[in-house]
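Take a look at the structure set out below.
The values are calculated or read from the model by the stated rules, or taken from the named source; none is laboratory data. Because the structure is predicted, anything quoted here is derived from the model rather than measured. So basically every Cβ, Gly included, is an ideal-geometry build from the backbone, and we count neighbours across all protein chains shown.
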Amino acid sequence: MTIQGWMLIVLFTAIAVALARPMGAWLFALYEGRRTPLHRLLGPAERAFYAMAGIDPGEEQGWRRYAVHMVAFQAVLAAFTYAILRGQAALPLNPRGLAGQDPHLAMNTAISFATNTNWQSYSGETLSNFSQMLGLTIHNFLSAATGIAIAFALFRGFARREVGTVGNFWADCTRVTLYLLLPACIVYALFLVACGVPQTFTSNVDLTTLEGARQTLVLGPVASQEAIKMLGTNGGGFFNANSAHPFENPGALTNLVEMLSIFAIGVGLTDCFGRAVGNRRQGQALLAAMMALFLAGTAIAYWQEAAGNPVLHHLGVAGGNMEGKEVRFGIAASALFAVVTTDASCGAVNAMHDSFTALGGMVPLFNIQLGEIVVGGVGSGIYGFLLFAILAVFVAGLMVGRTPEYVGKKIEAREVKLAVLAIAVLPLCILGLTAASAVHPLGLAGPLNKGPHGFSEVLYAFSSGTGNNGSAFAGLTAATPWYDGWLAIAMWIGRFFMIVPTLAIAGSLAAKRFTPETSGSFPTTGPLWVGLLIGVILIVGGLTFLPGLALGPIADHLAMIHGQLF
């Protein structure tokens, strides 16, 4: 570990925290439906969309209607993308004559992008510009907007009093897309172009290398895809190497900005929550808990990668673990990126997680298994964190012997049951599908490595799919009917089987009256609350996934220190 490495981590953390307030103010304006400086320019487009779609943005929806519209919308978009991917060969902007995807792969890809997972069982270079720009970009924007819309609905559940509605799904999605994601990505893409990221309809360039060999470089509209990939915590790469590719991430500056953009909306939503419930300290407490978990994970990953492999040290190869990492980033930036992308549901990578040390790779794996609630994806992180807050305040209520309350709402049996249901979906799906794949011949054909590392590859895949992350231990061969099919099911369950109970909680809370805080109320803004919240998260995650982690990365680490590699 180096001073420069820690300076990078401290700098990143400071900027990320500083972004919370301005981003939160902008998100709060969209949450309330207030005018922004962009309304003068984009307001006509918003009104035209409502008129064409026959939508009344002022019409409020109950949680059931909100959920039905959201799920149906994503299902239709997934079917649309499936058709594009299957018919790619006959569609325009395909100068390389790329064939359409196989049915199971197209299904997996369409569901992956519809659920904001962006898992890729294919190489990014095998998609045409048309498929990238229309088939995938539509999800990159709208799946991200959906996550923020769900967060807004849950915020309204806490903030509203004795009403039966949580907002309007169409209005929330439209405002977030028009006034946040689209303008921010235009500026972001121009920055990336200035840094050397391609943005062109040219599909490929033939060139001669220094050794005299012929090489074909794939090009395309990369910068526009990269911008929403990061800001929307999508993660699907234009190239197979993802953000380790110099055309997606040319250097140290773009690497820092890309990491910050992954966290930008997530940290802003904590401030937005505080504003929504009328107590910004509530949002600051959530952010403090998130940052504590983030720094702990980063420290462990950086420590393990900087320590390197003792087997190689014994052979006389000194230094940290540089396998699978780009020299232009190094160990600190690679470890930091891995933690950032898995604390959020992004899945973009600038190093290969399969090449991390056993415990270094366990950190991103455990981040995903917690539900990527540490800052989290756009929207999904904050509502996942609030589910744990409901459990934590329930535990606190048991300790003080009274009905638990959180931001003025009594947390009763219905809310606790729904929170447990939403949280339990992840381990049931992750561990169940991992167990099936670890014993079935079709599942066992996927891992590249044997022993605990091979098990980790399978465990990571279903954790990533169910957690809607999209990163991978890339040693797993996942482009098979077995993994394409089960991962698609995992991605759909992980996204919508968590969102619907969350919306039900929002509806239940919105109907409750406000309960003023008294001297007997458990405080939910100070260090005690932050510590309790972190403890509940780690205990629930640890008890649930520790056996699986013991069979995978922990066993892999113990074998490594005894000189055995897999």
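Residues that are in a loop (DSSP other than H, G, I, E, B) and touching a Ser or Thr at 6+ places or on another chain (Cβ under 6 Å): does region 28-43 have at least one? Break it down stepwise before answering.
Quick first cut of region 28-43, residues in a loop (DSSP other than H, G, I, E, B) only: 33-38.
Narrowing further to those that are touching a Ser or Thr at 6+ places or on another chain (Cβ under 6 Å): none.
The answer is no; no qualifying residue exists.
Restricting region 198-233 to residues that are among the β-branched types (Val, Ile, Thr), surrounded by fewer than 23 Cβ atoms within 10 Å (Cβ to Cβ) and touching an Asp or Glu at 6+ places or on another chain (Cβ under 7 Å), the residue that is modelled with the lowest pLDDT is Thr216. The selection criterion, being over 30 Å from Thr200 (Cα atoms), surrounded by 12 or more Cβ atoms within 10 Å (Cβ to Cβ) and not aliphatic (A, V, I, L, M), does not hold for Phe80.
Which is surrounded by fewer than 22 Cβ atoms within 10 Å (Cβ to Cβ) and either among the small types (Gly, Ala, Ser) or in contact with a Cys (Cβ under 8 Å, 6 or more places away or on another chain) (or both), of Ala252, Ala244? Step through it out loud before you land on a result.
Details: Ala244 fails: surrounded by fewer than 22 Cβ atoms within 10 Å (Cβ to Cβ).
One residue alone meets the criteria, Ala252.
Within region 517-562, the set of residues being within 20 Å of Leu293 (Cα to Cα) and hydroxyl-bearing (Ser, Thr, Tyr) comprises Thr524, Thr525, Thr544.
Set side by side, the residues Ala461, Ala435 differ, and just one is assigned to a helix (DSSP H, G or I), of a type in the set (A, V, I, L, M) and surrounded by fewer than 17 Cβ atoms within 10 Å (Cβ to Cβ), which is Ala435. Filtering region 30-59 to residues that are surrounded by 13 or more Cβ atoms within 10 Å (Cβ to Cβ), hydrophobic (A, V, I, L, M, F, W, C) and without any contact (Cβ under 8 Å) to a residue 60 or more places away in the chain leaves nothing.
Confirm whether Gly379 is crowded, with 24+ Cβ neighbours inside 10 Å and either at positive phi or at pLDDT 95 or above (or both). Spelling it out, Gly379 is indeed crowded, with 24+ Cβ neighbours inside 10 Å and either at positive phi or at pLDDT 95 or above (or both).
Out of Val218, Val257, one residue alone is aliphatic (A, V, I, L, M) and either in contact with a Cys (Cβ under 8 Å, 6 or more places away or on another chain) or more than 17 Å from Glu125 (Cα to Cα) (or both). It is Val257.
The helices (runs of 4 or more DSSP H) falling completely within region 93-194 include none with 3 or more residues that are crowded, with 21+ Cβ neighbours inside 10 Å, at pLDDT below 90 and among the acidic types (Asp, Glu). When you look at Ile300, is it β-branched (Val, Ile, Thr) and surrounded by 23 or more Cβ atoms within 10 Å (Cβ to Cβ), yes or no? The answer is no for Ile300. Taken together, Gly381, Gly347 contain a single residue that is under 28 Å from Met230 (Cβ atoms), in contact (Cβ under 8 Å) with a residue 60 or more places away in the chain and either assigned to a helix (DSSP H, G or I) or in contact with a strand residue (DSSP E or B) (Cβ under 9 Å, 6 or more places away or on another chain) (or both), which is Gly381.
What number of residues within region 327-338 are assigned to a helix (DSSP H, G or I) and over 14 Å from Phe473 (Cα atoms)? So that I can check it myself, show each step before the final result.
Going residue by residue through region 327-338, those that are assigned to a helix (DSSP H, G or I) are 330-338.
Subsequent filtering for residues that are over 14 Å from Phe473 (Cα atoms) retains 330-337.
Residues in region 327-338 being assigned to a helix (DSSP H, G or I) and over 14 Å from Phe473 (Cα atoms): 8 in total.
What do you reckon, is Ala396 under 17 Å from the mean Cα position of the chain (by Cα), buried (at least 23 other Cβ atoms within 10 Å of the Cβ) and not β-branched (Val, Ile, Thr)? Judged against the criteria, Ala396 is not a match.
Could you identify the single residue in Val439, Val416 that is over 30 Å from Asn140 (Cβ atoms) and free of Cβ contacts under 8 Å to residues at least 12 places away in the same chain?
Val439
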